[in-house]
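Everything on this sheet refers to the single structure shown next.
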Amino acid sequence: MKSFSALLMSTLLAGAVHAATPNPDAAQIKAAHDLMASMQAEKMMRMTAGMSKYASPEQRKQVMDKVINLQPEFVYTRLATPVAKLLSTETALEMTKFYKSSYGQRVLHDTYNSSAQMYATVPKPTPAEQAELKKPAYLKADQEFKANEQAIHHETFVLLKDIINGK
């Protein structure tokens, strides 16, 4: 019962965040676009396609061929508006800064290039990087980002379905 309540509460909170910005402005969309570029969202798209289930190996190959041939800019542009509805401009800007940092690049490398693991590992930050990670602006942005991370992955899956269906 507690897990159901937690699920219900997280769904309601995600809906509240989502409903907070139904029509993002150009600045929000640009910030989300830049975030998708700094996160290398084309690799997130490949991971989503690779983890999805297919009716046959041939279908899997067709989808992976489509996804591999996508231009990164196409992925960033298509994900920008849905992500802008999920994250505040401040969060998108702060997380873009994070993913462009040397530590953020190591986190992305581990995310996209690590083998299967029982427990996710995170690279150890240097003392200077630890200081950056303790700043209030980053902490607030990271909290909002993590609260919406599942929804961002869902939007990636929605885009994947659109690509498969030729939209």
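Miscellaneous remarks
- Neighbourhood charge, 13 Å Cβ-Cβ cut-off, centred on residue 124 and excluding it, Lys, Arg +1 and Asp, Glu -1: -1
- Accessible surface of residue 167 - all protein chains present, 1.4 Å probe, nearest 10 Å²: 150
- Charge tally for residue 159 (other residues, Cβ to Cβ under 15 Å; Lys, Arg +1; Asp, Glu -1): +3.
- Extending 7 Å from Cα along the Cβ direction at residue 68 and again at residue 55 yields two label points whose distance is 2.3 nm.
- A Cβ-based charge dipole, computed about the Cα centre of the range 26-165 with Lys and Arg at +1 and Asp and Glu at -1, lands at about 160 debye.
- The overall shape of the range 34-167, judged from the alpha-carbon gyration tensor, is prolate: a/c is not under 1.5, and a/b is greater than b/c.
- Our estimate of slack between residue 164 and residue 146, defined as 0.36 nm per intervening residue step minus the Cα-Cα distance, is 3.7 nm.
- Over the range 26-165, accessible surface divided per residue gives 58 Å², non-protein components excluded, 1.4 Å probe.
- Residue-span extension gain [residue 25 to residue 130] - 0.36 nm each, minus C-alpha spacing: 34.5 nm
- Dipole of the range 26-165 [Lys/Arg +1, Asp/Glu -1 at C-beta], most positive-end residue of 91, 40, 62: 62
- Net charge of neighbours whose Cβ lies under 15 Å from the Cβ of residue 138, counting Lys and Arg as +1 and Asp and Glu as -1: 0
The values are calculated or read from the model by the stated rules, or taken from the named source; none is laboratory data. The structure presented is a predicted model; accordingly, all values stated were derived computationally and were not measured. Counting neighbours? That spans all protein chains shown, and the Cβs are built from the backbone with ideal geometry, glycine included. Note: accessible area is taken over every heavy atom of the protein model, side chains too, but ligands, DNA and RNA are not part of it. Shrake-Rupley method; radii C 1.70, N 1.55, O 1.52, S 1.80 Å.
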